[in-house]
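A.B. asks: Got a structure here, written out as structure tokens. Questions coming.
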Amino acid sequence: MISFVGSDQIAADQDDHHICFASNAAIAKRTHVSVQTVERHISTLVELGLIRRVMSANGKRWARRDRQGRVVAATGLSLMPLSERHALFIQEAQKHADRVLEFTVLRDKVSAALARLRDLVADDTTISDLMVTVRNALRRKPDAIVLGELLAEISVEISQITQADTEDLRANDHENEGHKEDSLNPIVKKEKHSQVQVSPDQMERSFPRLCSELRFARDQAHCDRLMDDIAEYLRLGQTWYAMKSTHGPALRFMVLGYIFQRAENIKSHQAYLISLTSKIDRGDMQPTALLTQNSK
């Protein structure tokens, strides 16, 4: 119907700028559907208040033209209600796009978490039920609640496995190489990194931007969600979520604060995060260097 309007914009100044006076047959021909389909959709649009009938006494649609061929009067279907709600449609379209993006990101998180879980488990049969459930859910386009529950379940499995593996490694290391210095023992080094302590004053002085964002967090869970939101904003990807099972909360705070503080000067935040954590894990950089460098 919009294509039949004789103007680039819908406006009430002239009848042919907002009234479609084409017949149902003409509309059906242009849209390649049946006349019955056109009639049904027009009735629905009228009921929804998106278009309005401007009919003549005999119920026909017509247009009267002057000697120059310009339409001076017309009856038919007015698109003004549609035009008046244009801003609302734009808003709803943006909300829908945001929901689609949020859902897509959540699906990607579930897929990535499942892949990581498979890498951690030597025998897939131990998680076969969970894998089948996740795969079936992804095929059926589940809602966000279902995906969130699956992601939480997978995260619990990953956390339990990584925690058990770390405890086993520490036990073996203590039993076989307890006489070695901590600097030669990467397991002990990682354990120390997970136990980094940072005072509130150090946090505020070194990472004012992150502290400002977290200032009104209601509790620790709310604080964690806000940090996840910032990580999403920086597009840190699964690297950030993987840190939750491998690094302590203080170190995660320091790394996120360090990157967030200089976000404008970093080309790829995720690559920078990977590089930063790798240096810390290898012992090439001490976590406290993040505080020292940032507070200069």
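The values are calculated or read from the model by the stated rules, or taken from the named source; none is laboratory data. The model shown is predicted, which means the values in this text are computed figures rather than measured ones. No Cβ is skipped: glycine too gets one built from the backbone with ideal geometry, and neighbour counts run over all protein chains shown.
Listed here are the residues, each with its yes/no results for (1) assigned to a helix (DSSP H, G or I); (2) outside the structural domain of Ile161 (by TED's automatic domain parsing); (3) within 20 Å of Pro208 (Cβ to Cβ); (4) touching a strand residue (DSSP E or B) at 6+ places or on another chain (Cβ under 6 Å).
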{"site": "Ile230", "(1), (2), (3), (4)": "yes, yes, yes, no"}
{"site": "Ala242", "(1), (2), (3), (4)": "yes, yes, no, no"}
{"site": "Ser245", "(1), (2), (3), (4)": "no, yes, no, no"}
{"site": "Leu251", "(1), (2), (3), (4)": "yes, yes, yes, no"}
{"site": "Gln270", "(1), (2), (3), (4)": "yes, yes, no, no"}
{"site": "Leu276", "(1), (2), (3), (4)": "yes, yes, yes, no"}
{"site": "Met285", "(1), (2), (3), (4)": "no, yes, no, no"}
{"site": "Leu291", "(1), (2), (3), (4)": "yes, yes, yes, no"}
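A.B. asks: Let me ask something else about it. Taking Glu102 as meeting all but one of (1) among the acidic types (Asp, Glu); (2) at pLDDT 80 or above; (3) farther than 18 Å from Gly237 by Cα, write down the number of the exception.
C.D. replies: Result: Glu102 fails condition (3) only.
A.B. asks: For Ala28, only one of the following conditions fails: (1) free of Cβ contacts under 8 Å to residues at least 12 places away in the same chain; (2) under 36 Å from the mean Cα position of the chain (by Cα). What is its number?
C.D. replies: For Ala28, the failing item is (2).
A.B. asks: What about Leu273, is it closer than 28 Å to Leu117 by Cα and not basic (Lys, Arg)?
C.D. replies: yes
A.B. asks: Also, quick follow-up: Residues in region 24-68 that are of a type in the set (Ser, Thr, Tyr) and either closer than 25 Å to Gln14 by Cβ or surrounded by 13 or more Cβ atoms within 10 Å (Cβ to Cβ) (or both): how many?
C.D. replies: Within region 24-68, residues that are of a type in the set (Ser, Thr, Tyr) and either closer than 25 Å to Gln14 by Cβ or surrounded by 13 or more Cβ atoms within 10 Å (Cβ to Cβ) (or both) number 3.
A.B. asks: Within region 11-65, which residues are modelled with pLDDT under 90 and of a type in the set (S, T, N, Q)?
C.D. replies: Gln14, Ser23, Asn24, Thr31, Ser56, Asn58
A.B. asks: Please enumerate the residues belonging to region 5-25 that are more than 39 Å from the chain's Cα centre (by Cα), within 22 Å of Ala87 (Cα to Cα) and without any contact (Cβ under 8 Å) to a residue 24 or more places away in the chain.
C.D. replies: Once the filter is applied, which keeps residues that are more than 39 Å from the chain's Cα centre (by Cα), within 22 Å of Ala87 (Cα to Cα) and without any contact (Cβ under 8 Å) to a residue 24 or more places away in the chain, region 5-25 yields Asp13, His17.
A.B. asks: Here's another thing I want to ask about it. Which count do you get for residues in region 31-63 that are within 39 Å of the chain's Cα centre (by Cα) and not in a strand (DSSP E or B)?
C.D. replies: 17
A.B. asks: A further question on this structure: Pull up region 226-259, narrow it to residues that are under 16 Å from the mean Cα position of the chain (by Cα) and small (Gly, Ala, Ser), then point me to the one that is surrounded by the fewest Cβ atoms within 10 Å (Cβ to Cβ).
C.D. replies: Gly237
A.B. asks: Under 9 Å between Cβ atoms, which residue pairs at least 6 apart in sequence (or on different chains) link something in region 232-258 that is under 16 Å from Ser275 (Cβ atoms) with a partner that is among the polar types (S, T, N, Q) and crowded, with 19+ Cβ neighbours inside 10 Å?
C.D. replies: Pairs that qualify, where the first residue is under 16 Å from Ser275 (Cβ atoms) and the partner is among the polar types (S, T, N, Q) and crowded, with 19+ Cβ neighbours inside 10 Å, are Thr239/Thr277; Met243/Thr277; Thr246/Thr277; His247/Thr277; Leu251/Thr277; Met254/Ser206; Val255/Thr277; Tyr258/Ser206.
A.B. asks: Further question: Go through the residues of region 64-80 one by one and say whether even a single one is of a type in the set (Asp, Glu), part of a helix (DSSP H, G or I) and either more than 30 Å from Thr44 (Cβ to Cβ) or outside the structural domain of Gln238 (by TED's automatic domain parsing) (or both).
C.D. replies: No, because not a single residue in region 64-80 is of a type in the set (Asp, Glu), part of a helix (DSSP H, G or I) and either more than 30 Å from Thr44 (Cβ to Cβ) or outside the structural domain of Gln238 (by TED's automatic domain parsing) (or both).
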